[in-house]
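The values are calculated or read from the model by the stated rules, or taken from the named source; none is laboratory data. Just so we're clear, the structure is a prediction, and the values are computed from it rather than from any experiment. Quick reminder, even Gly has a Cβ in these numbers, built from the backbone with ideal geometry, and neighbours come from all protein chains shown.
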Amino acid sequence: MEKRESLGQVLGGRQGALDASIPPLAFVVGWLAANQSIGIGAAVAVGVSALLGTYRLIRGGRLGALVVSVAMVVAAALVALHTGRAEDFFLIRLMSNAASALLWAASIVIRWPLLGVVVGLVVNWDGSWRLRDKFRWRQDPDLVRAYGRASWVWVLLQYTLRVLVWGLLWWAGEVVALGVVTVALSWPLVAATVAVSGVVLFRSLPKDHPGLRHPRTSSDGRGADDPNTSTAASQTAPVAPSVEK
């Protein structure tokens, strides 16, 4: 059996997380340069977001991603302008991460861990875009359990940590610190979360498991519909080597 892909290889690069950290930093820079003018800071953040999105679009990015990213920055700017508090530019980001932590935790409880959903949607299953193929991992008890354990890393290391750090700084009104910390809590934290959750994910799988792209389904006789399925059984059952794509 060939070496398994890392979770980072499956999920892709850090571009999205890096792009998300630039407009908040631009807001802080504009806010400081204009003698703490929320309007100028908001305009700079929206402008930088639009320019960055246009650049990504020219480089082959998706129009939908551009619209969503700019809309999020505009919404954050409107909140800050409405309340008159510069720190409220980060309020939507804080609330969305709190909601994400709750959603990811709930997904684990109901045995639909969101890490599995995300990987299932982004992986190219031999060119197939059928939802049935993208959720085949749900028929593999080993993968469901492994995705559940790895999803807790995202709940605690990424979303809960962000909520705690951003929440304390927002409460204290530390605008500059919020901008700086946002960069640290973007791609560096995402990279750490992907790495740690990848370790947890693959260590939770049996040693002979063929990998994320090759769920053991009921058609193998070892899926969720097989009453005799167990981790111990799957560890001893012979499995034909499978080449990762």
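With the condition kept exactly as written, say whether any residue in the stretch 199-213 is modelled with pLDDT under 95, under 28 Å from LEU94 (Cβ atoms), surrounded by fewer than 19 Cβ atoms within 10 Å (Cβ to Cβ) and not hydrophobic (A, V, I, L, M, F, W, C).
Checked against the condition, which is being modelled with pLDDT under 95, under 28 Å from LEU94 (Cβ atoms), surrounded by fewer than 19 Cβ atoms within 10 Å (Cβ to Cβ) and not hydrophobic (A, V, I, L, M, F, W, C), the stretch 199-213 yields no hits at all.
Please find, within the stretch 61-95, the residue that is nearest to VAL190 (Cα to Cα) out of those that are modelled with pLDDT under 95 and loosely packed, with under 14 Cβ neighbours inside 10 Å.
Among those that are modelled with pLDDT under 95 and loosely packed, with under 14 Cβ neighbours inside 10 Å, it is VAL68.
Looking at the stretch 93-109, I want the residues that are under 21 Å from VAL70 (Cβ atoms) and in contact (Cβ under 8 Å) with a residue 40 or more places away in the chain and have a partner that is among the hydroxyl-bearing types (Ser, Thr, Tyr) and assigned to a helix (DSSP H, G or I) with Cβ atoms under 9 Å, at least 6 apart or on another chain. Which pairs are those?
Taking only residues 6 or more apart or on different chains, the pairs are ARG93/THR182; ASN97/TYR159; ASN97/THR160; SER100/TYR159.
Out of the stretch 131-151, which residues are within 12 Å of HIS209 (Cβ to Cβ) and within 20 Å of the chain's Cα centre (by Cα)? Reasoning before the result, please.
Residues of the stretch 131-151 that are within 12 Å of HIS209 (Cβ to Cβ), as a first pass: 137, 140-143, 145-146.
TRP137, LEU143, ARG145, ALA146, listed by residue number.
Conditions (1) closer than 18 Å to LEU25 by Cα; (2) part of a loop (DSSP other than H, G, I, E, B), marked per residue:
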residue	(1), (2)
LEU178	yes, no
VAL181	yes, no
VAL190	yes, no
VAL194	no, no
VAL199	no, no
PRO206	no, yes
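What are the pairs, 6+ residues apart or on separate chains, where a residue within the stretch 156-178 that is within 16 Å of ALA192 (Cβ to Cβ) has its Cβ under 8 Å from a residue that is β-branched (Val, Ile, Thr)?
LEU157/THR193; LEU157/VAL196; GLN158/VAL190; GLN158/THR193; VAL165/VAL181
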